[in-house]
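To start, the structure itself, in structure tokens.
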Amino acid sequence: MPIKQSFSDHVNELRLRLLVWFIFFIAGSVIGFLKSGFFLSLMVKPLGEPLFYTSPMGGFNFIMQIAILFGFLVSLPILIYEIIKFCQPVLSTNVKKVVPKLVIFSFCLLILSLFIAFYIFIPAAIHFLKGFGGSQIQALITTNEYFSFILIYLIGLAILFQMPVIILLINYITRLTTKQLMKWQKIMIVLSFVVAAILTPTPDPINQTIMAAPIIVLYEISILLVWMVNRGQKSVQEEVVVPGLKSWKKRTLNCFTFFLIVVIMTILAIFLVTNYIQYRQNKKISSREDMVIQKPTKAKDTSVIPINQDSFTNVSSDTSKFVVAGQNIISARINSNDLFLQTLNGKDEAKVIYSFSKGSEVSNLYLDETNDRILVATSNKQIFNVSLTDGSSVVEVDPPNGESWPKINSLTSYLFNIYVLDDTGTIWKYTSSDGKIYQTKSSYLTDSNATSKDVKAITADGSIYLLKNDGKVSKFSRGVTDKFSSPELPANSTWQSPGTIFTDTTSDNIYIQDNDKIVEITKLGQYQRQFVLLDKQIKSSFISAANKMGWVLSGDKIFQFDLN
């Protein structure tokens, strides 16, 4: 006869069982924190772009959130087990026997829900939501917002996928019939679409159907399991008809459960192993389609598009570099400290819009279309901000902490941050919240195996792309080497003297200026085509991805070509 316990005894037992779970929770969280790099790459994989934080503790808080979530997930079976053990005295003998199986089944369904969330629902939702706004509105997703978005999906699907376990548990406590469950089918289908509409931020019926389908399938599986369990619970008289042989229905149920466990654990193993290999060996290029990366092969596409030389804009033969803003050309000249402006139609003479200090020369021009400004770097280690919305006003940009700007070989910008390649090959990141005052300076590359040796130019779209002297391109995200297949030209074309590289958030491609051509590659590094200026050398070039146009400078002429 069981010993009766007082209320305080029950409270003490519950405290001890929760303490056991808490120890496993802390251990799992510590493991999640130690392996935070891997889990971070796993979390942001569906997004496909860097995240941002808006407070000094933002990055650390995000890592801690991931660690705590991992600790909770791995300790969840322990929590369920301890709760059931606490409730064991009030459970019937029949229920006690099936509790271990239900716990294992519940955990397998939890893993399956996480797998489906990360590979189907979350990528589909992100792809749909990012389609709003077009090229005029760019997403700036913070760590807190992204984590909350992910958490809603994970918790919602994890709860929904427990439906078979809940129905089976109810069936063991009070017998259900398949006839009852079949009557509720229509209601469940309607409720499935209602739940899908709540959990899915996309209003289109396709994504809602994708979300509702697993719920309906799980309900049908629940009906099948209830039928198998009820059929398997025969009377003793029926069992002894074939002595020494268990009910085939019970064997069928056990085989089905075992098969489901094997499938779930196999999926989990493949999921973790492939992602861990991808994380650890991110310099190797995989040909698997689900990684969306292809091995570098000699490009087969030999498309060469000649640049039309019949239409051009005359400029000074001393022009060394330029950008195109609207219908105007802003340019710099060799051995000149002036910045010039003229119209694209070439009818007006170029006029000086600003003169820098004597002895200085413009070393870099960068058009930041997102923020309507031109960044100008000079040989005197100065950077100027030319506003395109304020009558081309020119303001010198002060470096942070009273330091000086380095000697700049290449310059790019993302958001209001400035990325600089100096004459020593170091890449510096200067952060700003408004593009006027720069607060911090830091070395961008944090990967110990990364090198910026022999880098000729850089460009940015959230990640940073490095163009080397031999035409090879490397990609870095958040300072760490990212997967990228360095471009290979067709057999009848070679790199001669790669000069500049360009991409931005509005462009699907990357453009590299070579001696007599502009080479277009995808953001995976695959060769697309090349625009060739026949019998001429290109001194400078400018690409406007938003307008799908490009311009090249050769001699005293600027030629225009279409990127469509």
Residue count, segment 497-509 (criterion: at pLDDT 90 or above and of a type in the set (D, E, K, R)): 0
Hey, Lys523 assigned by TED's automatic domain parsing to the domain that holds Lys468 and more than 25 Å from Leu421 (Cα to Cα) or not: no
In segment 493-535, the residues that are farther than 16 Å from Ser554 by Cα and of a type in the set (Gly, Ala, Ser): Ser493, Ser507, Gly525
Selected residue [of a type outside the set (Phe, Trp, Tyr), at pLDDT below 80 and in a loop (DSSP other than H, G, I, E, B)] from Ala124, Ala139: Ala139
Residues located in segment 510-524, provided they are touching a Ser or Thr at 6+ places or on another chain (Cβ under 8 Å) and either modelled with pLDDT under 85 or surrounded by fewer than 17 Cβ atoms within 10 Å (Cβ to Cβ) (or both): Asn515, Lys523, Leu524
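In segment 385-397, which residue that is within 33 Å of the chain's Cα centre (by Cα) and at pLDDT 85 or above is nearest to Val352 (Cα to Cα)?
So the residue we want is Val386.
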Considering residues of segment 147-173 that are under 26 Å from the mean Cα position of the chain (by Cα), among the β-branched types (Val, Ile, Thr) and surrounded by fewer than 19 Cβ atoms within 10 Å (Cβ to Cβ) only, the residue nearest to His127 (Cα to Cα): Ile152
Strands (runs of 3 or more DSSP E) contained entirely in segment 479-559, each with at least 2 residues that are in contact with a Phe, Trp or Tyr (Cβ under 9 Å, 6 or more places away or on another chain): 500-502, 509-513, 517-522, 540-544, 549-554
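Look through Ser404, Ser443 and report the one residue that is at pLDDT 85 or above, loosely packed, with under 12 Cβ neighbours inside 10 Å and more than 18 Å from Ser477 (Cα to Cα).
Within the list Ser404, Ser443, the selection yields Ser404.
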Leading residue by the ranking (surrounded by the most Cβ atoms within 10 Å (Cβ to Cβ)) among those in segment 527-559 that are of a type in the set (S, T, N, Q) and at pLDDT 90 or above: Ser541
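Residue-wise test of (1) touching a residue at least 40 places away in the same chain (Cβ under 8 Å); (2) within 24 Å of Gly156 (Cα to Cα); (3) assigned by TED's automatic domain parsing to the domain that holds His127; (4) assigned to a helix (DSSP H, G or I).
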| position | (1), (2), (3), (4) |
| --- | --- |
| Met43 | yes, yes, yes, yes |
| Pro46 | yes, yes, yes, no |
| Pro56 | no, no, yes, no |
| Gly59 | yes, no, yes, yes |
| Phe72 | yes, yes, yes, yes |
| Ser75 | yes, yes, yes, yes |
| Ile80 | no, yes, yes, yes |
| Leu102 | yes, yes, yes, yes |
Top-ranked residue in segment 475-509 [being hydroxyl-bearing (Ser, Thr, Tyr), over 21 Å from Phe542 (Cα atoms) and more than 17 Å from the chain's Cα centre (by Cα); ranked as surrounded by the fewest Cβ atoms within 10 Å (Cβ to Cβ)]: Thr494
Residue count, segment 367-411 (criterion: farther than 16 Å from Gly326 by Cβ and part of a strand (DSSP E or B)): 16
Complete set of residues in segment 322-348 that are touching a strand residue (DSSP E or B) at 6+ places or on another chain (Cβ under 7 Å), surrounded by fewer than 20 Cβ atoms within 10 Å (Cβ to Cβ) and among the charged types (D, E, K, R): Asp338, Asp348
Qualifying residue in segment 373-396 (condition: closer than 19 Å to Phe52 by Cα and of a type outside the set (S, T, N, Q)): no
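The values are calculated or read from the model by the stated rules, or taken from the named source; none is laboratory data. Remember, it's a predicted structure, so these values are computed and weren't measured experimentally. Cβ atoms come from the backbone with ideal geometry, glycine included; neighbour counts cover every protein chain shown.
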